1. When PHE230 is evaluated against the numbered criteria (1) of a type in the set (A, V, I, L, M, F, W, C); (2) over 24 Å from VAL144 (Cβ atoms); (3) touching a residue at least 60 places away in the same chain (Cβ under 8 Å), which criterion, by number, is the only one it fails?
2. Could you check how many residues of the range 212-227 are touching a residue at least 24 places away in the same chain (Cβ under 8 Å) and either on the phi > 0 side of the Ramachandran plot or surrounded by fewer than 19 Cβ atoms within 10 Å (Cβ to Cβ) (or both)?
3. Which one is nearest to the chain's Cα centre (by Cα), of the residues in the range 246-276 that are of a type outside the set (Val, Ile, Thr), over 20 Å from GLY156 (Cα atoms) and at pLDDT 85 or above?
4. So which of LEU206, LEU190 is under 29 Å from SER54 (Cα atoms) and crowded, with 18+ Cβ neighbours inside 10 Å?
Amino acid sequence: MSAISTTLPSWNPFSLWYSDGWTVTKRNLIKIKRSPDMLVFAVIQPVMFVLLFSQVYGGAIQVQGTDYTQFLMAGIFAQTVVFGSTFSGSAMALDLKEGIIDRFRSLPMSSSAVLIGRTNSDLVLNTISMVIMMATGLAVGWRVNSSPAEFLAGVGLLLLFSYAFSWVMALLGMSVKSPEVINNASFLILFPLTFVSNAFVPSDTLPTPLRIFAEWNPVSSLVQAARQLFGNEGTAPVPDIWTMQHPIQTVLIGITVMLVVFVPLCIRKFASISSR
């Protein structure tokens, strides 16, 4: 009697998780493709900020050792990626309201795939916004004064921060009662982080309480790191605190903390929502 060998298909949890996450990512990207107005409005706001601050206020704001446009662009890039991360929160809140999450629950897929796909697609959206923003910056006189490797490191750092911060906003989106609330809730977080920082003016020009907040603000560290890597620092003195003297390390620590803390929290929150 001849032996019959039966080969069972191998099941790799990581492969399943990756495949499910990529499938949801493609679903979100197709949604953006079918609604191009989402991309248009995501790009218009930062472009308006570039034109407003560089062309309207640029002549009135002086920064030691550099042109204001060179000083400004790193701040605009940081603001763009931070604001772009809010799509994760608003999209999660909208999916919950429309019942998309309930449909995903009925499918044999990894429970974290929805979150992976959401944050991945927002990273793609932020990358597109970054390219358009850099083209706008070049048009108004911004220049990179560093090596290609440092330039790429600066872009990577901005996008990695946006990816980590999108997990924070995804948790917020799953915690609010309706999509209408997420915009107001997110602005309460984003406006102090972006405007009370060194993004648009040097922090030493702010009143003492705001200056202290700005110097310890993680967005200020992100802006300072981007200025260093793009060669746009100028000769203005850097505040003598560790976060501003070592902005790249500070941002990397912040990214690690956000991912370590908020990825598990998001997965746990999503699991509790799905089990209702």
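1. Among (1) of a type in the set (A, V, I, L, M, F, W, C); (2) over 24 Å from VAL144 (Cβ atoms); (3) touching a residue at least 60 places away in the same chain (Cβ under 8 Å), the lone unmet condition for PHE230 is (2).
2. 1
3. So the residue we want is PHE262.
4. Just one listed residue meets the conditions, LEU190.
The values are calculated or read from the model by the stated rules, or taken from the named source; none is laboratory data. Because the structure is predicted, anything quoted here is derived from the model rather than measured. Cβ atoms come from the backbone with ideal geometry, glycine included; neighbour counts cover every protein chain shown.
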